[in-house]
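Visitor: Sharing a structure with you now.
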Amino acid sequence: MPDDILRTFIAIELDESLLHALARIQEQFKRQVPAGSVKWVAADGIHLTLKFLGDTPRGRLGEVQAALEKACAEHEPFEFLVEGRGCFPNFRRPRVIWVAVRDRGQRLARLQASVERYVAPLGWPSEARPFSPHLTLGRIARGATPAVAATVGQVVEKAVVEQIGSQRVTAVSLIQSDLQPTGAVYTTLARVELKGKGEVAEESGS
């Protein structure tokens, strides 16, 4: 019998208070950009992606979990800040609207590097581009003209977005993404606690 193939990624899930703050930023932008120019991410679905896996056989979920346990055993809980805004690739030709994650002490970057070190050998290679932590608020709609996209970029560039909030990182999650016509539906498959160097990470399914 063929193994189920799931679409998965590894991420840090955000606190409700931070998700509400991000929703307020989205509302601020929605009032200023042309109608229909941006496909906004549902606020309760915003997360900080550490590694996108994509096609994942259900039978291999245990291997990924075990790799995350090893990675998380090397790190203690920490905190990052969310402040500022930007567009990929730039404000003139935006495709993605995001808010920035401030990784003081590079603890987030080191955690992501550990995830790569243990997961990549399982057959999910590391991306060529460097890790750039951010939280995606929305993407330019497919039907938007270059002029409309540029207008969105101008709105984002002019916006003053100071500190939005902070996030205490205590765990890393393996998440399933089920693409639906109304948007992605996310299911947490495992949550692995950060236990600090030399300790065993605890995981739980859902």
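Visitor: In degrees between 0 and 90, to the nearest 10, how far off the longest principal axis of the chain does helix 61-72 point, with axes built from Cα atoms?
Guide: The answer is roughly 80 degrees.
Visitor: Would you calculate, for the chain, the mean residue ellipticity at 222 nm contributed by helices, counting each DSSP H stretch of 4 or more residues as -39,500 (n - 2.57) and dividing by all residues, to the nearest 500?
Guide: It lands at -8000 deg cm²/dmol.
Visitor: Test of understanding: extend the Cα→C-beta vector of residue 150 to 7 Å, then name every residue of region 25-50 with backbone N under 19 Å from that spot.
Guide: 33-35, 37-38
Visitor: Using 0.36 nm times the number of residues separating residue 159 and residue 4, minus their current alpha carbon distance, what extension gain do you get?
Guide: Here the segment from residue 159 to residue 4 would lengthen by 51.4 nm.
Visitor: Express in nm, to one decimal, how much length is gained between residue 141 and residue 179 on full extension, taking 0.36 nm for each residue of separation and deducting their alpha carbon distance.
Guide: Once the chain is fully extended between residue 141 and residue 179, it gains 12.0 nm.
Visitor: Using the Cβ atoms and a cut-off under 10 Å, what net charge is assigned to the surroundings of residue 94, where Lys and Arg are +1 and Asp and Glu are -1?
Guide: +3
Visitor: Which of the listed residues, 176, 141, 196, is farthest toward the dipole's positive end in the chain, when Lys, Arg count +1 and Asp, Glu count -1 at the beta-carbon?
Guide: 141
Visitor: Here is a follow-up. Can you run phi through the Karplus equation (6.51, -1.76, 1.60; θ = phi - 60°) for region 180-190 and list ³J(HN,Hα) in whole Hz, with x for Gly and Pro?
Guide: Going residue by residue, I get 10, x, 8, x, 6, 10, 9, 10, 6, 8, 7 Hz, with x marking Gly and Pro.
Visitor: OK, next. For residue 79, which sequence-distant residues (separation of 5 or more, or a different chain) have an amide H within less than 5 Å of its own amide H, given hydrogens modelled in the peptide plane?
Guide: Amide H to amide H, under 5 Å and 5 or more residues apart or across chains, residue 79 pairs with 169.
Visitor: Separation between the residue 44 and residue 27 pseudo-spin-labels, each 7 Å from Cα along Cα→Cβ, expressed in nm?
Guide: Once both label points are built, they end up 1.6 nm from each other.
Visitor: When the Karplus curve 6.51 cos²θ - 1.76 cosθ + 1.60 is applied with θ = phi - 60°, which whole-Hz ³J(HN,Hα) does each residue of region 165-172 get, with x for Gly and Pro?
Guide: The phi angles translate into x, 9, 9, 7, 9, 10, 7, 10 Hz.
Visitor: With an 8 Å Cα cut-off and a minimum separation of 6 or more residues, compute the relative contact order for the chain in percent.
Guide: 33 percent
Visitor: Here is a follow-up. Show the residues, 5+ positions off or on another chain, whose built amide H is closer than 5 Å to the amide H of residue 137.
Guide: For residue 137, whose amide H was placed from the backbone, the distant partners under 5 Å are 97, 98, 99.
Visitor: Also, I was wondering about something else. Run the count for the chain, please: Lys pairs, Cα-Cα under 25 angstrom, 8 or more apart or on different chains.
Guide: The number of close lysine pairs in the chain is 9.
Visitor: Follow-up. Compute the separation of the alpha-carbon centres of region 78-114 and region 131-184 and state it in Å as a whole number.
Guide: So the two Cα centres are separated by 11 Å.
Visitor: Taking H placed 1.01 Å from N in the peptide plane, check which residues at least 5 places from residue 32 or on another chain put their amide H under 5 Å from its amide H.
Guide: For residue 32, no residues qualify.
Visitor: May I pose another question? If the chain between residue 35 and residue 88 were fully stretched, how many nm would it gain, using 0.36 nm times the residue separation less the Cα-Cα distance?
Guide: This chain segment gains 17.1 nm when fully extended.
Visitor: Would you work out if region 142-182 is rounded, prolate or oblate? Take a ≥ b ≥ c from the square roots of the eigenvalues of the alpha-carbon gyration tensor; rounded if a/c is under 1.5, else prolate when a/b is larger than b/c, oblate otherwise.
Guide: In terms of gyration-tensor shape, oblate.
Visitor: Quick one: net charge of residue 162's neighbours, Cβ under 15 Å, K/R +1, D/E -1?
Guide: +3
Visitor: Let me ask another. How large is the dipole of the chain about the Cα centre if only Lys and Arg carry +1 and Asp and Glu carry -1, each at its Cβ, rounded to the nearest 20 debye? Walk me through the intermediate numbers first.
Guide: On the way: 26 positive and 24 negative charges, 211 e Å.
Computed charge dipole of the chain: roughly 1020 debye.
Here, each number is a calculation from the coordinates, and none is a lab measurement. Small disclaimer: the values here were computed from a predicted structure and weren't measured. Positions of Cβ are generated from backbone atoms using ideal geometry, with glycine treated the same way; all protein chains shown enter the neighbour counts.
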